Amino acid sequence: MNLLRRHPIAFVLLALVVVSAIDPLPALVDAATGAPPADADLARPLGYVAAAPLSDVLDALTFLSLDRARALLAVWAVALAAWGALRPAAPRRRAVRALLGPVALLALGGATVTLPRSVPRLVTSDSALTVIDYHAHTSASHDGRRGWTALDLARWHAAQGFEASYVTEHNLLFDQRVQQPIPLLPGVEWSVAGQHIVALADTLPVDRGRFGRDTRSLLGLFGELHRHGALSIASLPEYWLAHWDDLDEFVAAGLDGFEIVNCAPKALAFPAARRGQVLALAAARDLLVVGASDNHGWGKVTCVWNLALSGVRGYRSNQVVARPLALAQGEWLPWTAAYTQPWLMFRGLSWSERCSWITWILVVLIYRAVPRRAGDAGGLGILARSLEVFKLRWPRKPTTPGP
């Protein structure tokens, strides 16, 4: 009981790791049906599993919708500052502790988008499927990460199991030819009348002024893209937020498909009920539905992959598989993010990750719980005692007795 009182955080974490295994989340789900895909799974590298507490936390922060990210950071910054300020200590030390918590949280946020690390990789058992991304950017886009090249993008995709990706810069044709480590395919993302339309193909420029006046003028863009040999995909979150009542008109005018999952924080809040309505419309009209990493060079993991079936067109030609934690963003109110995101993260752990969490918790607990002996150097519990082994102990000079 004394150990529990002295180290409550360790025991709370152990309880969460164990209890969350009662009702776990699958590694991947089909975004259309909610069921685990039959032909795909996530392979977690050894480095990812060995550092599971860090890997999983960074993934969980990556898969936050924009509003939930703001709420989580605000609540945890206040909680950590209060915890540091209220712990018994001298006033100056309490002030430092109160500041360290929010600073550490900001550093963790920075690590989420920039820290190089191992990431899960999609593996499939069906050779007829191509793992593809339909929407990604380089630094050529105005909001792309500076220095994020086409080769960087190809490597980012290859590390996560993609076999091809369209590069869809904002209002700029992609004309590079990259084949290794995966082929990068030409596309473009046109911004017109409050809507982003992803065009898939080696297409030609369009006059955005002609199609960007209003919704009526926007409808003409779909036929123009067809004349250029391109497929048109309505991007999230724009059609959800700005053109939800215009979807039937989009389809009647020649739209070829919809994004139903987009990993950008502003798009992750797309509700499951709305996704279901889009899926019903796409199935009825035999339209393509896709997922999009919408990568701009920030963040190391994707929340979605596409399994494309060659020789098939329309609704049945592509399966969207996604991380459940990302899909859950539209189902929880933003203010709950401080506790629902960690809980969803724990439910999504694989057994290898759970073992890694338990190992790390117990190792830290042992070092923290075993007290130092008198005279031991400062350090983390038993570690301080272990360091004594490496200290040089010089023999004492014999003292000369006095006269």
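A few points about this structure:
- All positions within the range 101-127 that are touching a strand residue (DSSP E or B) at 6+ places or on another chain (Cβ under 6 Å) and among the aliphatic types (A, V, I, L, M): Leu122, Val123
- Residues in the range 119-137 that are in a loop (DSSP other than H, G, I, E, B) and surrounded by fewer than 18 Cβ atoms within 10 Å (Cβ to Cβ): Ser125, Asp126, Ser127, Ala128.
- Test set (1) surrounded by fewer than 23 Cβ atoms within 10 Å (Cβ to Cβ); (2) not in a strand (DSSP E or B) - Leu236 fails condition number: (1)
- Meets criteria (modelled with pLDDT of 95 or more and in a helix (DSSP H, G or I)) for Tyr367: no
- Any chance Val57 is closer than 22 Å to Leu105 by Cα, surrounded by fewer than 19 Cβ atoms within 10 Å (Cβ to Cβ) and in contact with a Phe, Trp or Tyr (Cβ under 9 Å, 6 or more places away or on another chain): no
- Meets criteria (of a type in the set (Gly, Ala, Ser), in contact (Cβ under 8 Å) with a residue 40 or more places away in the chain and within 28 Å of Pro334 (Cα to Cα)) for Ala31: yes
- Within the range 247-274, being out of contact with any Phe, Trp or Tyr (no Cβ under 8 Å at 6 or more places or on another chain) and in a helix (DSSP H, G or I) holds for Asp248, Glu249, Val251, Ala252, Ala272, Ala273.
- Among the residues listed as Leu42, Leu99, the single one being surrounded by fewer than 16 Cβ atoms within 10 Å (Cβ to Cβ) and modelled with pLDDT of 90 or more: Leu99
- The strands (runs of 3 or more DSSP E) falling completely within the range 138-215 that include 1 or more residues that are in contact with a Lys or Arg (Cβ under 7 Å, 6 or more places away or on another chain) and under 30 Å from Asp245 (Cβ atoms) map to 184-192.
- Filter result (under 25 Å from Leu99 (Cα atoms), of a type in the set (A, V, I, L, M, F, W, C) and under 16 Å from the mean Cα position of the chain (by Cα)) within the range 47-72: Leu54, Val57, Leu58, Ala60, Leu61, Leu64, Leu66, Ala69, Leu72
The values are calculated or read from the model by the stated rules, or taken from the named source; none is laboratory data. Owing to the predicted nature of the structure, the values given are computational and were not obtained by experimental measurement. Virtual Cβ from ideal backbone geometry, glycine too; neighbours counted across all protein chains shown.
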